[in-house]
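Contents: one structure, followed by commentary.
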Amino acid sequence: GDVPRAEGAFGEMVAAGIGPDAISYTCLLKACAVAGDHVRAERIWVEMQQRTNHYSTYTPPTPHSYAHLMAVQRRAGNASRTLQLLEELRASGLTPSTVHYSLALRACEQHRELPNSLQRALALYSQMRSQGLRLDSRGLLAATRLCDAHGRPDLSARLRQERSMDLPFGGAGKQRRSGGNS
């Protein structure tokens, strides 16, 4: 979370003739995420993606860099930016992970007063499940709180049950194998 120190190390690396790459930019984004500095994180994000900048040429974002920027934006209360980053991640050809979906679900939960927040969260959950991913604890908590806030404790219970049974949303016919002979 020590952004000035991370930027100092980044500057020393560049001064030594080592060009920045996705890893070094991702480290800066992580420092911003830990510090909660969404403004600086966005500045770094833009610099990273410039086709030519004063360090080198275009550095494509990685799933990790997306996750750190999504985290800092969600933490800052910027739900729409968090969800936009998930869409950008997909559009870039990268595959979202459980972490990305969890951050997006938590962003939806932050703004549960919006009329479409539950529908958006359920769509995210469905996309996540179609990729074979499972809710993590934070994503499950956000989704169940959102369901409860919208007067849908039945849906909340269903999400918890599906996670414990590892069933896809709405997939009552699938069962988890026990590992024994059938």
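The values are calculated or read from the model by the stated rules, or taken from the named source; none is laboratory data. Worth saying up front: this structure is predicted, and the values here are computed from it rather than measured. Cβ placement follows ideal geometry from the backbone for every residue including glycine, while neighbour counts extend to all protein chains displayed. Each accessible area value is taken on the protein alone, full model and side chains, heavy atoms only, with ligands, DNA and RNA left out. Shrake-Rupley method; radii C 1.70, N 1.55, O 1.52, S 1.80 Å.
Summary table
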| quantity | calculated |
| --- | --- |
| Counted residues, the stretch 35-44 - those being closer than 14 Å to residue 59 by Cα and outside any helix (DSSP H, G or I) | 0 |
| Residue that is free of Cβ contacts under 8 Å to residues at least 24 places away in the same chain, out of contact with any Gly (no Cβ under 6 Å at 6 or more places or on another chain) and not in a helix (DSSP H, G or I), where the choices are 114, 94, 140, 133 | 114 |
| Selected residue (criterion: farthest from the chain's Cα centre (by Cα)) from residues of the stretch 156-177 that are closer than 12 Å to residue 125 by Cα and either modelled with pLDDT of 80 or more or among the small types (Gly, Ala, Ser) (or both) | 170 |
| Identity of the residue in the stretch 121-166, among the hydroxyl-bearing types (Ser, Thr, Tyr) and under 12 Å from residue 101 (Cβ atoms), that ends up surrounded by the most Cβ atoms within 10 Å (Cβ to Cβ) | 125 |
| Within the stretch 1-34, tally of residues that are part of a helix (DSSP H, G or I), open to solvent by less than 50 Å² (accessible area, probe 1.4 Å) and in contact (Cβ under 8 Å) with a residue 12 or more places away in the chain | 13 |
| Condition check for residue 72: hydrophobic (A, V, I, L, M, F, W, C), open to solvent by 70 Å² or more (accessible area, probe 1.4 Å) and touching a helix residue (DSSP H, G or I) at 6+ places or on another chain (Cβ under 7 Å) | no |
| Residue tally, condition open to solvent by less than 50 Å² (accessible area, probe 1.4 Å) and either in contact with a Ser or Thr (Cβ under 8 Å, 6 or more places away or on another chain) or more than 13 Å from residue 69 (Cβ to Cβ) (or both), over the stretch 36-53 | 3 |
| Among (1) touching a Lys or Arg at 6+ places or on another chain (Cβ under 9 Å); (2) within 29 Å of residue 142 (Cα to Cα) - the single one residue 61 does not satisfy | (1) |
